[in-house]
Amino acid sequence: MLKIGLTGGIGSGKSEVSRRLAAHGAVVIDADKIAREVVEPGTPGLARVQAAFGDEVLRADGSLDREKLGSIVFGDPDRLAALNAIVHPLVGERVAELQGQAAEDAIVVYDVPLLAENKLAPMYDVVIVVDASDETRVARLAEHRGMAESDARARIAAQATREERLAVAHIVIDNEGSLDALQARVDEVWDDLLRRAARG
C-alpha cells in the first residue's frame, strides 16, 4: 500500500486533483469530509459535541450548526481543544477503517488540507502539493465561491505559506493553467505513483 498525502492551499485546486486521482483508481480518504460525517445527526460524535457545547450548537433540524460552533471555538484555544478531543479520535477511527478496507496494493490518497501546518508529512510515503500563486487562488475563490478578495486573502494568510508547503513536497502539481494541462500533469503523477508502488 502506497500512502499519499495530498495537500494544497485554499483555491489551489486540490479537490479537483483528488477527484482526478480517484478516477485513475486511487482510494481517496478525505479528512474534512470524514470530520463532517462523524458529527452528522444520530452519531455519537454529535451527541458528544452537544453535551460539551450545549443545544445552541444544533440547528432546528437537529444538525450541527457549524457557524455557531465555529464562533464559539475560534479564538478560544481551550474550547477548540475540547472540540478536537471529540472529533479527532473519531476521524482517526474512520480513517483506519477505510484504510483497512483498501486492497493491500492500493494507492491511498489522504486529502489533508492542513498537512504542512500540522507537520504530518512524515506519515506518508509521498507528499503531493497542488500549487498555484496567491493571485490565481484569490481569483478562483472570487469566481467559484463568491468570496470577497479581503476574505480570500485572509483565508490564504491563515494557512501555511506556499514555501512551507513546497518544502514538504515530493511531487508538485502546478495548477496555474487549464484543466487539460492539469489532467496531463495528474496522468504523469499517476504513472509515477504506479512505478513507486511497484517498487514497494
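The values are calculated or read from the model by the stated rules, or taken from the named source; none is laboratory data. Just so it is clear, the model here is predicted, and its values are computed rather than measured. Positions of Cβ are backbone-derived with ideal geometry, glycine not excepted, and every protein chain shown enters the neighbour counts. Calculation scope for accessible area: heavy atoms of the full protein, side chains included, ligands and nucleic acids excluded. Shrake-Rupley method; radii C 1.70, N 1.55, O 1.52, S 1.80 Å.
For K68, the lysines whose Cα comes closer than 22 Å to its Cα, not counting residues fewer than 8 places off in the same chain, are K33. Placing R0 at 35 angstrom, the Cβ-Cβ distance between A139 and R19 gives a FRET efficiency of 0.95 after rounding to 0.05.
Using a 1.4 Å probe on the protein heavy atoms, what percent of the accessible area of the chain belongs to carbon and sulfur? The nonpolar share, carbon plus sulfur, comes to 51 percent. Toward the positive end of the charge dipole of the chain, with +1 on the Cβ of Lys and Arg and -1 on the Cβ of Asp and Glu, the farthest Cα among L46, Q183, T136 is that of L46.
Over the chain, what lengths in whole Å, largest first, do the semi-axes of the equivalent ellipsoid take, defined as the square roots of 5 times the eigenvalues of the alpha-carbon gyration tensor?
30, 23, 15
Helices in the chain, meaning DSSP H runs of at least 4 residues, each add -39500 (n - 2.57). Divided by all residues, the mean residue ellipticity at 222 nm is -17000 deg cm²/dmol. Computed from the C-beta positions of A148 and E117 and an R0 of 30 Å, the FRET efficiency is 0.80 to the nearest 0.05.
For the pair R199 and E56, a Förster radius of 45 Å applied to the C-beta separation gives a FRET efficiency near 0.25, rounded to the nearest 0.05.
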